[in-house]
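*Asks:* Here it is: the structure, laid out below.
FYI, it's all coordinate maths here, none of it is from the lab. Worth saying up front: this structure is predicted, and the values here are computed from it rather than measured. Note: ideal-geometry Cβ built from the backbone for every residue, glycine included; neighbour counts use all protein chains shown.
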Amino acid sequence: MASVLYSMPFVVQPLQTAFLSIGNQPLEAAATLRASPLDTFFSVVIPQAKAGFLTAIILGFAHTVGEFGVVLMVGGNIPDKTRVVSVQIYNHVEALEYTQAHWLAGGLLAFSFTVLLLLYTVLKTTPHVK
């Protein structure tokens, strides 16, 4: 939960920018067609802010994957309970086990790169996303 709160600005800022970039014209057009605010949000705002949602997802993911400080401070370092890759890398470095730390860091880098590559590939083939 703490990691979600810590990553929230990386998600909220692109969404705020996407919502502000829509402008008043589409909302006013929906209002003249007697669309309810809820209908306007789901049929006008969300489709036009799709790129902002995807940016928010990417930034939130990228920030959370490598998160270390909040996980260690709030979740602690309880063996076999709060084991995440970033804390495990820290444990290896602290124990001067640099080879294991390098392998984990490389794996984390490869995982992040693969996820982002897949996401950008999907975005490129999706015609509705600007």
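*Asks:* Considering the values (i) 40, 31, 22; (ii) 66, 32, 21; (iii) 52, 31, 29, which represents Cα extents along the principal axes in Å as calculated for the structure under consideration?
*Replies:* Working out Cα extents along the principal axes in Å from the coordinates points to (ii).
*Asks:* Let me ask something additional. In whole percent, what relative contact order does the chain give with Cα contacts below 8 Å and a gap of six or more residues?
*Replies:* It comes to 26 percent, rounded to a whole number.
*Asks:* Further question: Just to verify a number: FRET efficiency for Thr82 and Asn24, C-beta to C-beta distance, R0 = 41 Å, to 0.05?
*Replies:* 0.30
*Asks:* To continue, here is another question. Work out, step by step, the length gained on full extension between Val93 and Phe111: first 0.36 nm times the residue separation, then minus their alpha carbon distance; give nm to one decimal. If you can, show how the numbers build up before the last one.
*Replies:* On the way: separation 18, 0.36 × 18 = 6.48 nm, distance 2.02 nm.
Fully extending the segment from Val93 to Phe111 adds 4.5 nm.
*Asks:* Can you give the calculated 222 nm mean residue ellipticity of the chain, where each DSSP H run of n ≥ 4 adds -39,500 (n - 2.57) and the sum is split over every residue, rounded to the nearest 500 deg cm²/dmol?
*Replies:* Computed mean residue ellipticity for the chain: -21500 deg cm²/dmol.
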